[in-house]
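> One structure, pasted below without further comment.
The values are calculated or read from the model by the stated rules, or taken from the named source; none is laboratory data. Computed from a predicted model, the values in this text were never measured in an experiment. Because the Cβ atoms are built from the backbone with ideal geometry, glycine has one as well, and the counts that use them run over all protein chains shown. Surface areas here come from the heavy atoms of the whole protein model, side chains and all, with no ligands, DNA or RNA. Shrake-Rupley method; radii C 1.70, N 1.55, O 1.52, S 1.80 Å.
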Amino acid sequence: MTEQVSQTLAQPGEQVRRQTAVYVYEAPLRLWHWVTVLCVITLCISGYFIGSPLPTMPGEASDHFLMGYIRFAHFAAGYVLAIAFVGRIYWAIVGNHHARELFLVPLHKKRWWQEAYHELRWYLFLEKVPKKYIGHNPLGQLAMFGIFVVGIIFMIVTGFALYGEGTGAGSWANNWFGWVIPMMGQSQDVHTWHHLGMWYIITFVMIHVYVAIREDIMSRQSLISTMVGGWRMFKDDKPD
Ligand code: HEM
Ligand code: HEM
C-alpha cells in the first residue's frame, strides 16, 4: 500500500494541518463503477418505458421505431453492464485487496458485525465520532454485496432470459438462460420480477448516493473523489 503524508501550505498565522492519503481504488475498478452507473441509469429509464410505454404514436410502429430504439438502448446497456460485471469479477482476482471487498464479505467475523452496527448508529446520528476506513466501511460493504451484487446478478440473469426468449431457440442467450423462464413460471412472471428488481436497484442507488455525499461531508475522509482519482484523504481535525 502506498502511503503519503502531505502538508498543506499555511497562510501566515494559520496552523498547519496534516493529511494522510492512501491509494485505494485502482483505475479499472473506478472505470467499472462509472460505466456501471451510466448503464444502470440507461437501463432504468429504458426499462421503465418498456414496462409502461408512452401513449400510442401515430403511424406504423416500424416507421417511427420508438419502442425499437428504447429496447435497443436497453439491450445495448444490458450487454455492456454484463460484460463490465464479468470484468469486475476478473479484477477482484487480479486487483488489490480492496477490489475483493465487494465480493468477499467477512460475515463470520464478530468484530466486523460490531463495526457494522457502529456504522448503522453513526448513519442514524446516534454516534458522535465517525470511524475511518481505507476501503469500504462494513455497513457499506454489506449493502454493496447484499443489495447491489445480488440484485445485479438477478437482473442480468432474468434480463438475458427475456432477451433469449426474443432471440429464440438456438441463440446463445436462450441456450444459457433458457432455463430461467420455466423455473420462475412463465414469461410474465420473469417480466414482473425483473421489473421489481429495478426498484430494488433504485432503492440501493438512492441510499448509496445519499450516504456517499453525507459521508464525504461528515466523516472527515474523502469518498466521492476517491472513486474518481483513487486516493482516500483523511482529514485531521487536530492541528499538529
Ligand atoms: C447507478 C448508480 C450507482 C451504482 C449502481 C453504484 C454502485 C457502487 C458499487 C457497487 C460500489 C462498490 C465499488 C467496488 O467495491 O467495486 C460503489 C462505490 C462507491 N460509489 Fe457508487 N454507485 C452508483 C452511483 C454513485 C454516485 C452517483 C456516486 C457519487 C455521488 C457514487 C459514489 C460512490 C463512492 C464514493 C463509492 C466508494 C465508497 C467507499 O469508498 O466506501 N456512486 N458504488
Ligand atoms: C439494472 C439492470 C436492469 C434494469 C433496471 C432493467 C429494467 C427493466 C424493466 C423495468 C423492464 C420492463 C419489465 C416489464 O414490466 O415488462 C425490462 C425489460 C427487459 N429487460 Fe431489463 N433491466 C435491467 C437489466 C437487463 C439486462 C442485463 C438485460 C439483458 C439484455 C435486460 C433485458 C431485458 C429484456 C429482454 C426485457 C423485455 C423487453 C420487452 O419485453 O420488450 N435487462 N428491464
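> For W199, what accessible surface area do you get with a 1.4 Å probe? Give it in Å², rounded to 10.
Rounded to the nearest 10, the figure is 120 Å².
> Could you tally the net charge around V209, taking each other residue with its Cβ under 14 Å from the Cβ of V209, Lys/Arg +1 and Asp/Glu -1?
-1
> When only the heavy atoms of the protein chains count and the probe is 1.4 Å, how do W34, W122 rank by accessible area, highest first?
W34, W122
> Then there is this: Return the sequence-ordered ³J(HN,Hα) values of region 143-156 in whole Hz as given by the Karplus equation 6.51 cos²θ - 1.76 cosθ + 1.60 applied to θ = phi - 60°, using x for Gly and Pro.
5, 5, 7, x, 9, 6, 4, 4, x, 6, 5, 4, 5, 5
> Might you work out the accessible area of L81 for me, using a 1.4 Å probe with all protein chains in place, and round it to the nearest 10 Å²?
Probe radius 1.4 Å; accessible area of L81 about 10 Å².
> Given a 1.4 Å probe, how much area per residue of region 88-240 is accessible, in Å²?
Ligands and nucleic acids excluded, the result is 57 Å² per residue.
> Continuing with the same structure: Using 0.36 nm per residue of separation minus the Cα-Cα distance, give me the extension gain between I153 and W172 in nm, one decimal.
In short, 5.1 nm is gained.
> What does region 106-234 give for Rg and for Dmax, in Å, if only its C-alpha atoms count?
Looking at region 106-234, its Cα Rg and Dmax stand at 19.3, 59 Å.
> Evaluate Rg over Rh across the chain, taking Cα atoms for both radii and Kirkwood's formula for Rh.
Reported Rg/Rh (Cα atoms, Kirkwood Rh): 1.07.
> Now for a different question. GluC sites (Glu not before Pro) within region 52-140: which are DSSP loop residues with at most 10 other Cβ atoms inside 10 Å?
E60
> Could you give the size of the charge dipole of region 106-234 about its Cα centre, using +1 on the Cβ of each K and R and -1 on the Cβ of each D and E, expressed in debye and rounded to the nearest 20?
I would put it at about 760 debye.
> Rounded to the nearest 10 degrees, what's the angle between the helix 66-94 long axis and the longest principal axis of the chain, both from Cα atoms, 0 to 90?
The answer is roughly 50 degrees.
> Between region 91-112 and region 20-74, how far is it from one alpha carbon centroid to the other, in angstrom?
That distance is 29 Å.
> Kindly write out, for region 114-122 in residue order, the coupling ³J(HN,Hα) from the Karplus curve 6.51 cos²θ - 1.76 cosθ + 1.60 (θ = phi - 60°), rounded to whole Hz, with x marking Gly and Pro.
Running phi through 6.51 cos²θ - 1.76 cosθ + 1.60 with θ = phi - 60° gives 4, 5, 5, 5, 4, 5, 4, 5, 5 Hz.
> Can you give the accessible area of H97 in Å² (nearest 10), computed on protein heavy atoms with a 1.4 Å probe?
100 Å²
> To test your reading of the geometry: what angle, between 0 and 90 degrees and rounded to tens, separates the Cα axis of helix 27-51 from the longest principal axis of the chain?
40 degrees
> Considering only protein heavy atoms and a probe of 1.4 Å, how much of the accessible area of region 97-223 is carbon and sulfur, as a whole percent?
Carbon with sulfur: 71 percent of the solvent-accessible area.
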